[in-house]
Every structure is written in C-alpha cells, then in structure tokens.
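Following: one structure in structure tokens, then a few remarks.
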Amino acid sequence: MTDPNVVTLANRNPGEAPADVLRMSGVRMKFGPVEVLKDVSLTLRRGEILGLLGQNGSGKSTLIKVLAGFNSPEPGSKVRLWGEELKLPLDPGRIRNMGVAFVHQHLALVPSLSVADNMLVSDDQKVRPWGISWRAERARMKALFQEFGLDIDPMQTVDTLAPVERAYVAIVRAVDELRRSDAGRAGEGILVLDEPTPFLSAEDVDRLFTLLRRIKKTGASVIIVTHDIDEVLSITDRVAVMRDGRLVSMMTTADTTRQEILDTIVGHAVSLYERDRSGSRAEGTAVTIKDLSGGRLEGFDATLRAGEVVGVTGLIGSGFAEVPYLVFGADRGQGSLTVGDKTVDLSRMTPGMACAAKISFMPGDRIHQAGIGTLSVSENATFLALSRLRGLLGLSHGAATRATESLIEEHDVRPPRAGVPLGTLSGGNQQKVLIGKWLAEDPMLLLLDEPTQGVDFGARQKIFEALDGAAARGTAILCASTDYEQLAQICDRVFVFHRGRPVAELSGAALTKDAIARACFHEASDEAETATRKEMTT
Ligand SMILES: Nc1ncnc2c1ncn2[C@@H]1O[C@H](COP(=O)(O)OP(=O)(O)OP(=O)(O)O)[C@@H](O)[C@H]1O
C-alpha cells in the first residue's frame, strides 16, 4: 500500500507542494549492548536542503550509514523511499539504483587515479565486453562539470587537484550516479553529504554551496551533515538536530536563529568561549621564527611570547598553511627557529628533533597524519609518553590506562573508554584524544592546523579552554586556520597572508572575525580589481 502523503515517482505532480521523498521512522541501532540510535524519525522533502546537526557522537553518521546500507538497524525500524517501504538492512546497490547517492567525509577518491577513472569507478554499466569509450566519456564528463560551472580536466590525476576541486569531483560523481538511477531519470534524487567541508577554507565552502544550490535546482534533495552553524544558516531549508542518539528537533531555518540552533544542539543555553586577553602574558620572547620559507611561503618572521596564542590565516594558497609543517620539520623549508635558548636551522629540522625541542604539532589530516584508527584510545593517547610510562619491568599498562583516563576526563571524550579502537569514536572525539595527547607533553611551542575541524560547538569551547590552560602554563601556541571565528576567539594576534607573505597583523580590539575576513578578502579583491582594470585597458 502506498501512503498518499508520500510522493512517489509515479504519483508525483511536478507542480504540487513539497512532500516527503524519504521517511525514516522509529530507527534504532545498537553497537553491542550500546544503543546509539533511539527511535529516530526523520523526513526529507522534495527539493529541500536539510541540515543534520548534533554534537560529536550524537549519531548523525550512524543514521546516514543506516540509509547507505552499511548499518543494520534493530527490527521495527522503518525506511520509506519515494513512498516504498524498504526491507532492512538496506541493500546498498538497490538504494543507489533508487536514487540516493552519498559523499562521505573523506570523499572516497583514489588520489593516484585520474578524475575520469574516479568518476567511472562506481559505474558498472560502462564496463562492456568491448571496453569503455574513453573519448566519449571524457567529453561527457567535461560537459557535466561545465554544467555546474566547473573547469576540471577529466584527465588530471586527483592528487593534483586542490581540496575544493576534490570535493567537487566527489559531489559531481554522486550527481552523475543519481542521474543514472530510477529517481534521476524522473528528474530527482537524494544527495547525502556527511561533513563535506571540514577540510575546506571559508572561501571554498562558498564555492561548494553555489554548486549545491545548482544541484538543488536540478530537482535533487540534499541532506548535509555539518557542525558549522553559519553554513547551516546560509544553505539549508530545514535543520534536524540529534542529541544522544535521538532526533530532538526539526526546525525551519528561516524561522530560527543561530543561538536557538546552538542551544538545541547542546541541550541548554550556551555561550561563546572568550579568551581573557586582559591577563598579562609573560614578557620576553619564547619562540622566534626567522626568514621561514618553503612551499608558497616566503620569508616569514615572527616572535611569540610564552603563553601567547598567534594565528596565521589567509586564502588557500596564500602560504599560511605551510607555517606549522615547516616549523615542525614535516615539510622541508628554510629559516631558523629559536625555542627558549636553542636555535635550529629549519632546513635540517625533523619531527623527531622538534619533539625533542618540546614542540608539539597537531596536523589537520586527523585520519592519515595524527592518529591510528585501529589502535586503542589508550595506545594513541600515550604514544608520545611511552618513555615516561616505562618502569623497571617494562611498560606499565596500569600507568598508561591511568594517563588515558585522566585525558578522557579532562577533554570529555565520549564514550569514556580507553580500550576501544580510536577509529570507532566519532570524528570530534578522536580530535579531543589527539589534541589531548599533544597537550600532555606540556610543550613550549604548540603548532596547530585547523584544530577543531569536525568538532561540535560544545567540544570546541572545551578545546579552546584546554588551549587557554596550556597558554596559561606558558606554552606559546601557533594556530593555522581559515576559521575566522575560531581565530578571533582564541588568539592574541593574527597574521593574515597573501601571496606568501603576511599583509596584516591584527590584535586587541581590532581582532574580530569580520576584521580577519575583510583582511583575507581585501587583498584578493584588490588584486582582482587591478586585473580587471588591466583587462579593460588592453
Ligand atoms: N563501528 C562502531 N563500533 C562501536 N561504536 C560505534 C561505531 N561507530 C560509531 N559508534 C559509536 O556510536 C556513537 C555515534 O557515533 P556517530 O559517528 O554516529 O556520531 P556523529 O554524530 O556522527 O559524531 P561526529 O560529529 O563526531 O562525527 C558514538 O558513541 C560512537 O562511538
């Protein structure tokens, strides 16, 4: 029996008001004895962009994975798609054919293959006994990218693309998949994006949203999982909020406020963390960076006092992002670094030397560079502390567990279990463990690259407090980020870069989110204006 309130491809009248294309109801899901989805009901309307929000570990990805057919929900859970009730667990192939396509956080692209190879990976219809017509496919893909205003060469290998272009490829691939599906042939489909933006700069997020709006216009409905409230306000029609495995609210974006969404996510009224800049920072220089060059960066000089938090930012490609990697010796550069009374030639710097000099570094790519998902929380948390945890009889597992338990408590890691593999924690909770690991080293200099990507609002404020605590103990902190709000909240000073060099330095009352954004875009727009003027005069 078909529910008359649910739009089906057959009964849909294109002129009618939006109705539900997807209905998940009473969804329950357990991992072992732990119930992580508790009676979740969620609807998606035709042609809408729905934001799925919630604190780290609230169950967003688990719900998305039920829809993708990766997770088997408990009996009694129901999923209706285009009016048809589906058998659970869902069959991933069937879901795809019916018109639901997914872009997961890490995009699932093979970097060493071309864009065309990556686009065709999911298209088994193209594999015929006589092979693939590459010429035709390349032309088709080029036209597909052009339809969305993108200039991407299908023959380029993915590892030569900028992060935002990789996100475009993954999203356009999903749209291509939708079009081949039953729903796609009827001019619609459902695109599900699980945190597609944490690696992208503010500027790239805007470009990505333009793409999503275009996709919506083609008749698709979109679910987007994100932690960024500004993103939510700018792009979604409705917002679904999850808390502790339950869907606690469904709001119409135009009728709500930023604060209301934040309070609903956390479950009580929350306020933005503010760094107390009135306190006296230690006088004298703790860290000196001299003539730092490498990648796009040219000759950066900076001094940091003990306990000072300094931000570096700019548009992507402006060179700021290289700073922590060059200082830590993770990338090869030139220049010199003085920490305390020790000076190091950065052309010889290695991560081992950096650690020995009491420098800690939390890189931006959590999965590949910061932690090991298959090892336990405890193994990840104590990785740097092994020499301190060794007793006469070798490594003390009791001491390692105690150290991990205190890290878990200090950073509010959930679930609070030292023995589970790091990879089974939600993204934000993994981040808390890994930042905690570096902070436990009590460094003289802490380097950070996008320290709160994928971290929910509440946990973010906690991380800021922990950073402030480290600063109060005398750690100098250098943070590379394109999250202007974060920089304004935590930094004493921010350098804004353009074309490899700092072009503005903001501090005190002048250090606001808007002032940072203006400084970042000002230079770029000046340049664009000059280029336009030049074009007009030639
Ligand atoms: N494979 C798994 N095994 C055991 N527990 C899991 C597994 N996957 C997820 N969980 C647990 O389920 C809960 C919900 O996790 P989920 O990844 O859905 O959260 P989330 O809302 O997407 O969080 P984030 O915003 O941090 O990505 C968490 O407590 C997590 O530890």
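Please treat every number below as a calculation from the coordinates, not as lab data. No experiment lies behind these values; they were computed from the predicted model shown. Cβ: placed from backbone, ideal geometry, glycine included. Neighbour counts: every protein chain shown.
Which semi-axes, in whole Å and largest first, does the equivalent ellipsoid of the stretch 20-264 have when worked out from the alpha carbon gyration tensor as the square roots of 5 times its eigenvalues?
30, 21, 16
Would you please state which residues of the stretch 87-105 a label at Ala186 would reach in this model, taking the label point 7 Å out along Cα→Cβ and a backbone N cut-off of under 18 Å?
87, 94-101
Run the simple label-point estimate for Ser249 and Arg332 please: 7 Å along Cα→C-beta, distance reported in nm.
Using points 7 Å along Cα→Cβ, the separation is 5.3 nm.
Please order His104, His411 by the number of other Cβ within 10 Å, starting at the fewest.
His104, His411
Obtain the nm distance between the two label points defined at Glu137 and Asp341 by a simple spin-label model: each point lies 7 Å from its Cα along the Cα-to-C-beta direction.
About 6.5 nm, to one decimal.
With unit charges on the beta carbons (Lys and Arg positive, Asp and Glu negative) and the dipole taken about the Cα centre of the chain, which residue among Ser234, Ala68, Leu422 sits farthest to the positive side?
Of the candidates, Ala68 comes out farthest on the positive side.
Given R₀ = 35 Å, what would the calculated FRET efficiency be for Ala472 paired with Ala162, taking r from the Cβ atoms and rounding to 0.05?
Step by step, r from the Cβ atoms, then E = 0.40.
For each pair in Lys290/Lys513; Lys60/Lys513; Lys437/Lys462; Lys30/Lys217; Lys358/Lys462; Lys290/Lys432, compute the distance between the two Cα atoms and list the pairs where it is over 25 Å.
Cα-Cα > 25 Å for Lys290/Lys513; Lys60/Lys513; Lys30/Lys217; Lys290/Lys432; rest within.
At each listed q (0.06, 0.07, 0.09, 0.12 Å⁻¹), what is the log10 of I(q)/I(0) that the Debye formula gives for the chain modelled as equal alpha-carbon point scatterers?
Summing over Cα pairs of the chain leads to -0.32, -0.44, -0.73, -1.24.
As I understand it, the dipole of the stretch 20-264 uses +1 on the Cβ of Lys and Arg and -1 on the Cβ of Asp and Glu, about the Cα centre. Which of Thr210, His106, Val79 lies farthest toward its positive end?
Sorting the options by dipole projection puts first Val79.
Report the Rg/Rh value for the stretch 369-441, based on alpha-carbon coordinates and the Kirkwood definition of Rh.
0.95
Kindly express, to the nearest 10 degrees and within the range 0 to 90, the angle between helix 202-217's C-alpha long axis and the longest C-alpha principal axis of the chain.
So the helix axis and the longest Cα principal axis differ by about 0 degrees.
Starting from the Cα-Cα distance between Glu84 and Thr285, subtract it from 0.36 nm times their residue separation and give me the gain in nm to one decimal.
Additional length available on full extension: 65.7 nm.
Give me the number: length gained by fully extending His268 to Glu74, i.e. 0.36 nm times residue separation minus the C-alpha to C-alpha distance, one decimal in nm.
In short, 66.8 nm is gained.
Efficiency by 1/(1 + (r/R0)^6): what FRET value for Thr257 and Phe209, r their Cβ-Cβ distance, R0 = 25 Å, to the nearest 0.05?
So the FRET efficiency works out to roughly 0.80.
Rank-order 186-192, 500-506, 363-369 by packing density, defined as the average count of other C-beta atoms within 10 Å over each peptide's residues, highest first.
186-192, 500-506, 363-369
For labels at Met353 and Asp39 in the simple 7 Å Cα→Cβ model, what's the distance in nm?
With each label placed 7 Å out from Cα toward Cβ, I get 6.2 nm.
Highest first, please rank the peptides 298-309, 171-182 by the mean number of other Cβ atoms sitting within 10 Å of their residues.
171-182, 298-309
What residues from the stretch 220-239 fall in the zone where the backbone N is under 14 Å from a label point 7 Å along the Cα-to-C-beta line of Phe521?
Only 231, 234 pass the distance filter.
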